[in-house]
Amino acid sequence: MIIIGPILFGLIIGLVIGSRIRTDAKVNIGLTGGSILLLFIVAILMAWQLGNFPYYSDFPVATGFVSAFIGLILGKFLFGRSKENS
């Protein structure tokens, strides 16, 4: 049985935080496709090491952590602020 609560709240929190990331011209982070893939693999490994709550038995990873990371990336690309908009 999939527990939807941590997935939904992790995604919402990730979207909110990702939308607040500012893309300045002075600080160029440069999120390429390869760096996003590497960050996603690291996030999966961290979520696997964190594990799930003891009473959840849906996946062996922390689903809230993974969905928060996905929400962070989506929020950055969909709603990310630039310096001109602030």
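The values are calculated or read from the model by the stated rules, or taken from the named source; none is laboratory data. Every value quoted in this text rests on a predicted model; they were computed, and no experiment measured them. Please note: Cβ atoms are built from the backbone with ideal geometry, for glycine as well, and neighbour counts cover all protein chains shown. Ligands, DNA and RNA are excluded from the accessible area calculation, which covers all protein heavy atoms including side chains. Shrake-Rupley method; radii C 1.70, N 1.55, O 1.52, S 1.80 Å.
Which pairs turn up if I take residues in the stretch 7-21 that are closer than 14 Å to Phe65 by Cβ and free of Cβ contacts under 8 Å to residues at least 60 places away in the same chain and look for partners that are open to solvent by 60 Å² or more (accessible area, probe 1.4 Å) and in a helix (DSSP H, G or I) with beta carbon separation below 8 Å, at least 6 apart in sequence or on another chain?
none
Identify, please: which residue in the stretch 2-21 is within 16 Å of Val61 (Cβ to Cβ) and outside any helix (DSSP H, G or I) and is, among those, modelled with the lowest pLDDT?
Ile2
For the subset of the stretch 52-73 comprising residues that are open to solvent by less than 70 Å² (accessible area, probe 1.4 Å) and part of a loop (DSSP other than H, G, I, E, B), which member is nearest to Ile12 (Cα to Cα)?
Among those that are open to solvent by less than 70 Å² (accessible area, probe 1.4 Å) and part of a loop (DSSP other than H, G, I, E, B), it is Ala62.
Search the stretch 40-86 for residues being of a type in the set (Lys, Arg) and touching a strand residue (DSSP E or B) at 6+ places or on another chain (Cβ under 7 Å), and hand back the single one that is modelled with the lowest pLDDT. Break it down into steps so the answer makes sense when it comes.
Applying the first criterion (of a type in the set (Lys, Arg)) to the stretch 40-86 yields 76, 81, 83.
Those still in the list that are touching a strand residue (DSSP E or B) at 6+ places or on another chain (Cβ under 7 Å) too: 81, 83.
Working: Arg81: 64, Lys83: 58.
Among them, the one singled out is Lys83.
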